[in-house]
Amino acid sequence: MSFVEVAIKVPLHRTFDYRLPEQLDGLSSQLHVGSRVLVPFGNQRKVAVVLALKDTTEVPLNKIKSIFEVIDDAPILTTSHLDLLRFTARYYCYPLGETIHIALPSALRQGHCPDKTSISMVALTEKGAKLPSLKAKSQLNLLKQLAQSGKSSLTELKALGFNKKTIDSLISKELINQSIEHDNLWQQQAPTVGTKPTLNKEQAVACTAINQSTGFNSFLLEGVTGSGKTEVYLQCLEEVLKRAEQALVLVPEIGLTPQTVNRFRRRFPDTPIMLWHSALTDNERLQTWRFCEKASCAIVIGTRSSIFLPFLKLGMIIVDEEHDSSFKQQDTLRYHARDLAAYRAFQHKIPLILGSATPALETLHKAINNKYQLLSLTQRAQTSTDNKFQLLDMKGQPDQAGIAHASLATIRQHLKRNKQVMVFLNRRGFSPTLICHECGWLSECTRCSTSATFHKAIGQMICHHCGEQHPVPHQCPDCGSTQIFPNGKGTEQIEEFLTGEFPDTPISRIDRDSTRRKGSLEKALDEINLGGSRILVGTQMLAKGHHFPDVSLVLILDVDSGLYSCDFRATEHLAQLVTQVAGRAGRSGEPGQVLLQTHFPEHPLLQDLVNNGYQDFARFAIQEREDALLPPITNMAIVRAEGHSIKQVVDFLTDLVPVHGLTGIQLLGPIPAPLERVAGKYRFQLHIQAHDRPLLHQYLAQMVDYLSTSKLAQKVRWSLDVDPIDMI
Ligand code: ADP
Ligand code: ZN
Ligand code: ZN
């Protein structure tokens, strides 16, 4: 075999062929599919991943270049992993080379083998064991340390105060050496299992169904917060561990709390459990990657991108809070980790568990059509009472800072009983705009078609879309009047108002502004968990994951904005949010109270949600989507384009719309994006829909092909979003 086909990180939808150089020719048995090589590309050297070894190529022999060198002795990607990445690239219409690049930990994106410097154990060589006399004291100390302790990990040595320089110089003197050690002991013995409750009937039914399934099976575990889903995961994981197989537990970014992790660690104290999230260092990522591929790690609890980890023997995937939008990447490779999880489970012929109190309509639709097996947990494991929902009609109601007087009275009652009250508003800042009382001027971002938010505490106007920031004006820029006032409400204003109204009650505000500083969220959560009467004010950051046992009242202020929106998913998201937020109340035994302030109490969606719960609402909403021919009944993709010239943007999209239409494909657009201008650029969209998924993908593939040669495409920034989850 004299040629290799490789993927390179370039924005092109194709692969490249290279020749094996003469001196490598005989060594081609050492070159593997899935290994990295260094290749000439234009006048650069680039890292490439070998996709195939072959005897022939279509590239003319006088044009084909030779690879420079082979980086890896052994492949860094198995063929099944490459298959996953190929599927991902194809499904999301993203270049394979860039897809691979995104999936790899950054330490492996560069062209060297970094393991030796990161995850290794250090020991004395024969020469070092003789403890030769050395001038540098630190080096001598390190030798003595190793003579005493034997083989030690780099981390340990660093903790003892030895620095990298000392270690490196001893390595270069061949007095110590490094090796990578992996320990698979957990596979050889049954896992130690911490105390666990006896499952209730519904949990037992769910566990049995999952544990007795063979091959690929998807389960939707539908149950309110506190109904014992995590307990089901844990007891299913136990079986996976007994089979000496690995498991991946995907959680939303915000759900990866110490509480969650500790619960897994307490249950399986001897089992190697590793975490994967955005705050890991490059070395930690590489380490987790290596441990997965060697099966030295049994369980990974990770956010979105952990779906790309290379498990040696994957036995189960769990996606907790599967409806959460953080599973979808919103730029570059716009993948959905839940959907890729389904592919991986299918690939490995293993069970997939999707858990949620408020399943995405996509998932529920599959369950209703028996593609996924529906397992319901209908009772709270520890309390059997349900929350009391109440719609508060705001029409004609006196209010302050957007809080009805009736709501204030209810807050007061709960605080008197030493309970906690959660006030929820999905808008940070003091007010979304400033308005001039004289001329009607509104504070707008100069670069976006949206308002600039007033942040009172720091005295700044900030655009939440492009980040533009400037000091609060003292006068109206249009008429010079000093009569400019906040217009609308944000969490900062609610906090200020409630502080005045309840001066003796501590208030915790939780939003992106108040938690920006490292550790501040943890501090706020600790304070809340001390118990005692308190008001919690926050955005959706409050809605997820956390346990607040003392919250007995939840007040939701901005229900109406979700009822009438241009995004067809807005009602679904509102219902999920209301249910999740409401799930924070009543976790300590007595039913919680949930108050929704609205001007549309008669709205059928709200009525359905409040009277019959999310389950009922969701089935009704699927019916609505069916009537409107929208996802999940149909399949959708959006081409987004932006640029400084409206004409170029619109021309680019118009060019994609065939004159005579296409059978089976519906096109809508070009239409302006909901935010037509952001950071000075105009944004338009083309919506593409098809009942038939293969047909949609066939069409998208052709389109991407066409775009690679389109001159118009070079004048704008465009992206393709397959299965978009928001319309922005
Ligand atoms: P979810 O993941 O659905 O929010 P959890 O699994 O966290 O629910 O369960 C909520 C609480 O109930 C936890 O404290 C858990 O330990 C407890 N729990 C779960 N299942 C049982 C059970 N069968 N018996 C007793 N307590 C249980
Ligand atoms: Zn004015
Ligand atoms: Zn802006």
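The values are calculated or read from the model by the stated rules, or taken from the named source; none is laboratory data. Remember, predicted model here, so these are calculated numbers, not experimental data. Reconstructed Cβ throughout: ideal geometry from the backbone, glycine too, with neighbour counts over all protein chains shown.
Go through VAL659, VAL639, VAL649 for me and flag whichever is more than 16 Å from ligand 3 (Cβ to nearest atom) and either small (Gly, Ala, Ser) or part of a strand (DSSP E or B) (or both). Outline the logic, then answer.
Values: VAL659 fails: either small (Gly, Ala, Ser) or part of a strand (DSSP E or B) (or both); VAL649 fails: either small (Gly, Ala, Ser) or part of a strand (DSSP E or B) (or both).
Of VAL659, VAL639, VAL649, the one residue that is more than 16 Å from ligand 3 (Cβ to nearest atom) and either small (Gly, Ala, Ser) or part of a strand (DSSP E or B) (or both) is VAL639.
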Which residues, counting only those in region 596-619, are crowded, with 21+ Cβ neighbours inside 10 Å and either in contact with a Ser or Thr (Cβ under 6 Å, 6 or more places away or on another chain) or assigned by TED's automatic domain parsing to the domain that holds TYR335 (or both)? TYR614
All but one of (1) crowded, with 24+ Cβ neighbours inside 10 Å; (2) under 24 Å from ALA74 (Cβ atoms); (3) at pLDDT 95 or above hold for VAL319; state the number of the condition that does not hold. (2)
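Find the residue count for region 386-408, including only residues that are basic (Lys, Arg) and under 12 Å from GLN593 (Cβ atoms).
Of region 386-408, the ones basic (Lys, Arg) are 388, 395.
Within this subset, residues satisfying the condition of being under 12 Å from GLN593 (Cβ atoms) are 388.
Counting residues in region 386-408 that are basic (Lys, Arg) and under 12 Å from GLN593 (Cβ atoms) gives 1.
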Name the pairs: first residue in region 215-227 and farther than 26 Å from ARG584 by Cβ, second residue part of a loop (DSSP other than H, G, I, E, B) and more than 16 Å from ligand 2 (Cβ to nearest atom), Cβ to Cβ under 6 Å, at least 6 apart or on different chains? GLY215/LYS349; PHE216/LYS349; SER218/TYR372
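Counting only residues that are hydrophobic (A, V, I, L, M, F, W, C), give me the helices (runs of 4 or more DSSP H) lying completely in region 83-152 with at least 3 of them. Explain how you work it out, then say what you get.
Working: elements: 96-103, 106-109, 115-118, 126-129, 137-149.
Helices (runs of 4 or more DSSP H) meeting the threshold: 96-103, 137-149.
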In region 203-212, which residues are within 9 Å of ligand 1 (Cβ to nearest atom) and closer than 10 Å to LEU377 by Cβ? GLN203
Selection within region 218-240 - among the charged types (D, E, K, R) and buried (at least 23 other Cβ atoms within 10 Å of the Cβ): GLU222, LYS229
Meets criteria (within 16 Å of ligand 2 (Cβ to nearest atom) and either modelled with pLDDT of 95 or more or among the β-branched types (Val, Ile, Thr) (or both)) for PHE454: yes
Just to be sure I understand, how many residues within region 524-555 are free of Cβ contacts under 8 Å to residues at least 12 places away in the same chain and more than 19 Å from ASP504 (Cβ to Cβ)? 1
Does ALA409 meet the test of being aliphatic (A, V, I, L, M), more than 36 Å from the chain's Cα centre (by Cα) and either within 14 Å of ligand 3 (Cβ to nearest atom) or over 30 Å from GLY215 (Cα atoms) (or both)? yes
Looking only at region 43-72, count every residue that is small (Gly, Ala, Ser) and closer than 21 Å to LEU96 by Cβ and tell me the total. 2
Could you list all residues from region 27-56 that are touching a Leu at 6+ places or on another chain (Cβ under 8 Å), part of a strand (DSSP E or B) and surrounded by fewer than 18 Cβ atoms within 10 Å (Cβ to Cβ)? ARG45, LEU53
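How about region 412-521: which strands (runs of 3 or more DSSP E) wholly inside it have at least 2 residues that are within 27 Å of GLU642 (Cβ to Cβ) and either within 16 Å of ligand 3 (Cβ to nearest atom) or assigned by TED's automatic domain parsing to the domain that holds LEU596 (or both)?
Values: elements: 420-424, 433-436, 453-455, 460-462, 469-471, 484-487, 507-510.
Fully inside region 412-521 and qualifying: 453-455, 460-462, 469-471.
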Examine region 182-202 for a residue that is under 24 Å from SER325 (Cα atoms), in the same structural domain as MET316 (by TED's automatic domain parsing) and either among the hydroxyl-bearing types (Ser, Thr, Tyr) or near ligand 1 (Cβ under 9 Å from one of its atoms) (or both), and state whether such a residue exists. no
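Which residue, of LEU237, LEU221, is among the aliphatic types (A, V, I, L, M), within 15 Å of ILE353 (Cβ to Cβ) and within 9 Å of ligand 1 (Cβ to nearest atom)? Quick ask: steps written out before the conclusion?
Values: LEU237 fails: within 9 Å of ligand 1 (Cβ to nearest atom).
Every option except LEU221 fails the conditions.
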Quick one: would you say ILE622 is more than 25 Å from ARG90 (Cβ to Cβ) and either surrounded by 14 or more Cβ atoms within 10 Å (Cβ to Cβ) or within 16 Å of ligand 1 (Cβ to nearest atom) (or both)? yes
Please indicate, with yes or no, whether at least one residue in region 350-363 is more than 26 Å from LEU84 (Cβ to Cβ), of a type outside the set (A, V, I, L, M) and not assigned by TED's automatic domain parsing to the domain that holds GLY500. yes
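Pick from region 508-532 the residues that are of a type in the set (S, T, N, Q) and surrounded by fewer than 18 Cβ atoms within 10 Å (Cβ to Cβ): which of them is farthest from SER356 (Cα to Cα)?
Ranking the candidates gives SER520 first.
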